[in-house]
Amino acid sequence: MYETILYEVSEGVAVVTLNRPDKFNAFTELMHKEIIAALKDAQKDDAVRCILLTGAGRAFNAGQDLGEVSGGEVDFGGFLRKRYNPMILQLQKTEKPIVAAVNGVAAGAGMSLALACDIRLASEKASFVNAFVSIGLVPDSGGCYFLPRIVGIGKALELAMTGEKVSAEEALRIGLVNKVYPAESFMEEALAYARKLAALPTRGIGLIKRTMYKGLEMGLEETLEYEAYAQEVAGSTADHKEGVAAFMEKRAPRFTGR
Ligand code: LHQ
């Protein structure tokens with residue numbers, strides 16, 4: 001059982017809900033541990049073919065719980081190495097699609113968390129605040145890695161240096177989110193999106209995720225070689241065979257995730 005998050009699996013989707021609504025779901029040490037544990041559970045469970053990460057109440061996540069770090073000396077480097085970095089690395093290691101359903105404000109490391117997910121869906125009421133600069137800090141938790149890769153260096157520097165709030169509409173315009181849905185039907189739409197992903201070839205999607213992120217770090221030759229390797233693995237899956245058979249038989253495919 002978890003204390004700071006909710007974890008529920010249905011119809012192929014593990015919904016992870018950050019659940020400290022009165023603190024805008026701000027991170028505590030326990031929440032980091034629980035998110036990592038939930039991601040590991042989801043990775044191991046064959047019934048899970050997509051992970052949907054969202055927040056309870058009005059916010060998605062407001063970053064570090066500032067109540068935990070106000071007053072007294074804080075070992076910032078140690079804090080990140082011990083708590084945040086393992087969580088971001090676990091998101092990357094999870095070979096299943098991870099969708100952030102950004103229901104409200106995502107600020108500081110909460111914004112970084114959304115950026116580290118594979119796909120971002122936003123409610124019309126969502127917003128993004130790169131809040132670090134407002135307290136004299138630097139974007140962390142992968143913010144300096146993902147933000148420029150997602151929106152380009154010019155926009156990333158602007159958002160990080162000003163800390164200005166980005167509305168859902170603007171986020172869609174600059175490619176920070178993939179879709180925006182009306183607030184009233186947001187979770188329904190996000191779940192429907194996640195269920196569609198969960199019905200696709202899960203192993204192939206895991207390989208797409210790994211190969212695409214690796215491609216960001218490699219040159220063309222190395223990427224071509226890694227694609228060839230990934231294709232060997234994908235080509236040996238049951239879902240590949242099913243996809244081809246369905247095409248030949250002019251019917252809808254029934255992927256099983258194997
Ligand atoms: C919060 C928080 C919060 C606690 C809202 N903590 N209560 C790494 C290394 C080591 C240390 C430092 O941190 C990091 C990583 C980081 O994430 S640094 C960045 C930390 N986050 C922030 O600086 C964001 C602080 N929050 C805000 O700027 C605003 O609250 C946002 C823009 C998120 C939302 O603004 P509003 O919609 O105007 O809501 P609000 O400010 O009224 O907040 C609502 C409640 O949530 C309020 O509680 P209350 O009891 O007064 O209703 C806030 O105190 C609480 N809350 N963020 N991070």
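The values are calculated or read from the model by the stated rules, or taken from the named source; none is laboratory data. From a predicted model like this one, the values you see are computed outputs, not experimental measurements. Note that we place each Cβ from the backbone using ideal geometry, even for glycine, and neighbour counts take in every protein chain shown. These accessible areas exclude ligands, DNA and RNA; they are computed on the full protein's heavy atoms, side chains included. Shrake-Rupley method; radii C 1.70, N 1.55, O 1.52, S 1.80 Å.
Sorted largest first by accessible area at a 1.4 angstrom probe radius, with every protein chain in place, the residues Ser123, Ser10 fall in the order Ser10, Ser123. Could you give the angle, 0 to 90 degrees to the nearest 10, between helix 153-162's Cα long axis and the longest principal axis of the Cα atoms of the chain? It is inclined by approximately 30 degrees. Counted by Cβ distance under 13 Å from Glu242, the other residues give a net charge of +3, where Lys and Arg count +1 and Asp and Glu count -1. Extension gain for Lys44 to Glu170 (0.36 nm times residue separation, less C-alpha to C-alpha distance): 41.7 nm.
Structure remark: mean-square fluctuation, Gaussian network model of the chain, C-alpha springs under 10 Å; the largest value among Gly152, Gly71, Gly204 belongs to Gly71. Helix 29-44 and the longest principal axis of the C-alpha atoms of the chain enclose an angle of approximately 0°. Compare the Cα positions of Asn85, Asn25, Ala190 along the charge dipole of the chain (+1 at Cβ of Lys, Arg; -1 at Cβ of Asp, Glu; about the Cα centre) and return the one farthest towards the positive end. Looking along the dipole axis, the top candidate is Ala190. Given the pairs Lys44/Lys214; Lys125/Lys179; Lys96/Lys214; Lys40/Lys93, which span a C-alpha to C-alpha distance of over 18 angstrom in this model? Too far apart for the 18 Å limit: Lys44/Lys214. Taking 0.36 nm per residue of sequence separation and removing the Cα-Cα distance, the Gln231/Arg195 pair yields an extension gain of 10.5 nm. Calculated FRET efficiency, Ala37 to Arg81, Cβ-Cβ distance, R0 = 30 Å: about 0.95 to the nearest 0.05. Each other residue within a Cβ distance under 11 Å of Arg81 adds +1 if Lys or Arg and -1 if Asp or Glu, for a net charge of 0.
How charged is the neighbourhood of Gln43? Take every other residue with its Cβ under 13 Å from the Cβ of Gln43, and add Lys/Arg as +1 and Asp/Glu as -1. Mind showing how you got there, number by number?
Working: positive: Lys40, Lys44, Arg49, Lys93, Lys96, Arg203, Lys209, Arg210; negative: Asp41, Asp45, Asp46, Glu95.
Every neighbour counted, the sum reads +4.
A simple spin-label model places pseudo-atoms 7 Å from Cα toward Cβ; at Glu124 and Lys93 they are separated by 4.1 nm. Relative to the longest principal axis of the Cα atoms of the chain, the long axis of helix 186-198 makes an angle of roughly 40 degrees.
The distance from the alpha carbon centre of region 1-26 to that of region 222-258 is 33 Å, rounded to a whole number. Residues of the chain were split at every exposed loop site, defined as GluC sites (Glu not before Pro) in a DSSP loop with at most 16 other C-beta atoms within 10 angstrom, and the longest piece left, sites excluded, is 165-248. Protein heavy-atom accessible surface, 1.4 Å probe, per residue over the chain: 51 Å².
Averaging Cα coordinates gives a centre for region 62-111 and one for region 136-189; these two points are 16 Å apart. Simple rule: put +1 on each Lys or Arg Cβ and -1 on each Asp or Glu Cβ in the chain, find the dipole, and look at Ala160, Leu216, Ala234; the Cα lying farthest toward the positive end is Ala234.
What percent antiparallel are the DSSP beta bridges of the chain, to the nearest 5? Looking only at bridges with both residues in the chain, the antiparallel portion is about 30 percent. Atom-type composition of the exposed protein surface of the chain places 57 percent of the accessible area on carbon and sulfur (1.4 angstrom probe).
What the Cβ-Cβ distance of Glu73 and Met161 gives, at R0 = 25 Å and to the nearest 0.05, is a FRET efficiency of 0.40.
Under a Gaussian network description of the chain, with springs only between Cα atoms under 10 Å, the residue in Arg173, Arg83, Arg210 that fluctuates furthest is Arg173. Here the Gaussian network model covers the chain, with springs between Cα atoms less than 10 Å apart; of Ala14, Ala194, Ala238, Ala238 fluctuates the most.
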